[in-house]
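Q: Take a look at this one; I'll ask things after.
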Amino acid sequence: VGIGQTIFEAPVPIMKPAIFWIAYPRTSTTFRNFTIDGRRQEQPYAITPYVVTIPGLFNNNLSKHTGIQVSNPWATDTGPGLVENVEIKNMLTTGVGVFLGRNWIIRNSFIHDSGCVTDRLPCPALTNVDPGATQGGLYPTWQTSGFGIVFDGPLSSGGEAYNNTVENIGKIGIEAYGPSDNFHFYNNTVRTSFAGIVSNGGSYGVIENNVIEDSPGLGLTC
């Protein structure tokens, strides 16, 4: 069984921040060989009613509509884990978000069409806009931000992303958000994302042998 043969579709409206959510101490969790469809074009809300907000632990802007989310507010670590040969499409915000989980591996996966941008990734059913998406009016066409793969914060250290294709993303294709450390991003292809690969406060990371195409904002930035 491979990508597209088993499809998990988000409900409309989605009521929780993630389709799959690792929220308690788990080790060696594996996601493999299926598709997640977030149905962003049908979702009426840019922010789900039950957004998890824990200031200082992870970037709350990313935990609003995620395909696979790793975040355990009640323990310091969730992991390691593996996402392999998974397609994640049509999320309002994030494909895979590792916020609290060390040494997770994301590989051989296809993550695409994440975020809502009126002139590129329209979400016609939205009745509101994520107030953080436009960044103070700097990007007025953004309804939600949009991320492909994110390792966020000090409790997401040791993350690896390789052999993935990430394309058509509203904001950032692959990101280490600060201070996520000891990450390794390699052999990925990122296409048509506002920013391709970003280390935003990340440290001791290696970014190598990636292809970034058609990024109107930034290709690779640290």
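The values are calculated or read from the model by the stated rules, or taken from the named source; none is laboratory data. Owing to the predicted nature of the structure, the values given are computational and were not obtained by experimental measurement. Quick reminder, even Gly has a Cβ in these numbers, built from the backbone with ideal geometry, and neighbours come from all protein chains shown. Side chains included, ligands, DNA and RNA excluded: accessible areas come from the protein's heavy atoms. Shrake-Rupley method; radii C 1.70, N 1.55, O 1.52, S 1.80 Å.
Q: What number comes out for accessible area per residue over the chain if the probe is 1.4 Å? Units Å², please. Intermediate values should be presented prior to the final figure.
A: Numbers: 8840 Å² over 222 residues.
Per-residue accessible area for the chain comes out at 40 Å².
Q: What are the aspartates and glutamates whose alpha-carbon lies under 16 Å from the alpha-carbon of LYS89, with same-chain residues fewer than 8 places away excluded?
A: Reachable aspartates and glutamates: GLU9, ASP37, GLU42, ASP113, GLU167.
Q: Follow-up. Counting only protein heavy atoms and a 1.4 Å probe, tell me what percentage of the chain's accessible area is made up of carbon and sulfur. Let's see the in-between values first.
A: Numbers: 4490 of 8840 Å².
Using a 1.4 Å probe with all protein chains present, the chain comes out at 51 percent carbon and sulfur.
Q: Let me ask something else. As an exercise, use a Förster radius of 30 Å and the Cβ-Cβ distance of LEU218 and GLN41 to find the FRET efficiency, rounded to the nearest 0.05.
A: Details: r = 27 Å, r/R0 = 0.88.
FRET efficiency, LEU218 to GLN41: 0.70.
Q: Only four residue types carry charge here, +1 at the Cβ of Lys and Arg and -1 at the Cβ of Asp and Glu. Report the dipole size of segment 124-222 about the Cα centre in Debye, rounded to the nearest 20. Let's see the in-between values first.
A: On the way: 2 positive and 9 negative charges, 36 e Å.
Dipole about the Cα centre, nearest 20: 180 debye.
Q: While we're on this one: Please work out the FRET efficiency for the pair ASN187 and THR127, using the Cβ-Cβ distance as r and a Förster radius of 35 Å; give the result to the nearest 0.05. Don't skip to the answer; put the middle values down first.
A: Working: r = 40 Å, r/R0 = 1.15.
Computed FRET efficiency for ASN187 and THR127 comes out at 0.30.
Q: Looking at the chain only, what percent of DSSP beta bridges run antiparallel? Nearest 5 please.
A: For the chain, the DSSP antiparallel bridge percentage is about 5.
Q: Turning to a different aspect of this structure: If you average the C-alpha positions of segment 92-131 and of segment 136-188 separately, how far apart do those two centres end up, in angstrom?
A: Comparing the Cα centres of segment 92-131 and segment 136-188, I get a distance of 9 Å.
Q: Starting from the Cα gyration tensor of segment 100-222, take the square roots of the eigenvalues, sort them a ≥ b ≥ c, and report rounded, prolate or oblate (rounded when a/c is under 1.5, otherwise prolate if a/b is larger than b/c, else oblate).
A: On the way: a/c = 1.95, a/b = 1.56, b/c = 1.25.
Prolate is the answer for segment 100-222, as a/c is 1.5 or above and a/b outweighs b/c.
Q: Further question: Taking semi-axes √(5λ) of the Cα gyration tensor in Å as the quantity of interest, determine which of (i) 32, 20, 14; (ii) 31, 23, 17; (iii) 22, 20, 18 was computed from the displayed structure.
A: Step by step, semi-axes √(5λ) of the Cα gyration tensor in Å for this structure corresponds to label (iii).
Q: At 1.4 Å probe size, what's the solvent-accessible area of LEU220? Round to the nearest 10 Å².
A: Number for this one is 100 Å².
Q: Then there's this: Sort segment 182-222 into rounded, prolate or oblate with this rule: let a ≥ b ≥ c be the square roots of the eigenvalues of the Cα gyration tensor; rounded if a/c is under 1.5, and if a/c is not under 1.5, prolate when a/b is larger than b/c, oblate otherwise.
A: Here segment 182-222 falls in the oblate category.
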